[in-house]
Amino acid sequence: MQFGRYYEEFEVGAVYRHWPGKTVTEYDDHLFCLLTMNHHPLHMDAHYAATASQFKRNVVVGNYIYSLLLGMSVPDVSGKAIANLEVESLRHVAPTFHGDTIYGETTVLDKRESGSKPDRGVVSVETRGYNQDGTMVCVFRRKVMVPKREYAASAVAEGVDPERPSFPDPR
């Protein structure tokens, strides 16, 4: 199974549909909020959300949806990445609720070779997240530094497989 891509494998305009989707549970949302110390009652307090918010129910914290989509994109986009360089933009377009299922897709916007290191390049992508009804809930753009195939070939020639760690012989 392919995990990530080398620079040469990215084509501007290509769209990668990430699979499978993820149904967001109340547990997922609350755990993420607790781990990140985001205790806003809109996410954590059902009574508050029902009586004091426009949605009348808990809204899933947006950074969980962003993180979920980022993770979904790893096998298609950044599985071989040397570095995630930046997130250029991030927009939460519509709310997500407990029980919604999130699906993601990524479009390659641009790619350029590194100006300082010939064994790598920078790929710009846009990832969009949709709920089960097809409503876009989140969109973000980021830049990822990925190796060229020559990087892998030269590493293998030196006895190192950059995609598989080596472990000491326990004997």
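Of all stretches in the chain that contain no chymotrypsin sites (Phe, Trp or Tyr not before Pro) in a DSSP loop with at most 13 other Cβ atoms within 10 Å, the longest one is 56-171.
FRET efficiency for the pair ASN63 and SER114, taken as 1/(1 + (r/R0)^6) with r the Cβ-Cβ distance and R0 = 30 Å, rounds to 0.50. As a ratio to 2.2 N^0.38 Å, the alpha-carbon radius of gyration for the range 26-120 is 1.40.
Looking at the range 1-65, what % of the alpha carbon pairs are farther apart than 18 Å? The calculated P(r) of the range 1-65 puts 54 percent of pairs beyond 18 Å. Here the Debye sum runs over all C-alpha atoms of the chain as equal scatterers in vacuum, and log10 of I(q)/I(0) at q = 0.09, 0.16, 0.20 Å⁻¹ comes out as -0.40, -0.94, -1.22. The apolar share of the surface of the chain, taken as the fraction of accessible area on carbon and sulfur atoms (1.4 Å probe, ligands and nucleic acids excluded), comes to 53 percent. In the context of the full set of protein chains, the range 14-158 has a per residue accessible area of 52 Å² (1.4 Å probe).
The percentage of C-alpha pairs in the range 77-135 whose separation is greater than 17 Å is 52%.
Its relative contact order, with pairs defined as Cα atoms under 8 Å and 6+ residues apart, puts the range 14-158 at 27 percent. Placing dummy labels 7 Å off each Cα toward the beta-carbon, the span from TYR27 to ASN84 is 2.5 nm.
The values are calculated or read from the model by the stated rules, or taken from the named source; none is laboratory data. Keep in mind that what you see is a predicted model, and the values were worked out from it rather than measured. Positions of Cβ are generated from backbone atoms using ideal geometry, with glycine treated the same way; all protein chains shown enter the neighbour counts. Accessible surface areas use protein heavy atoms only, side chains included; no ligands, DNA or RNA. Shrake-Rupley method; radii C 1.70, N 1.55, O 1.52, S 1.80 Å.
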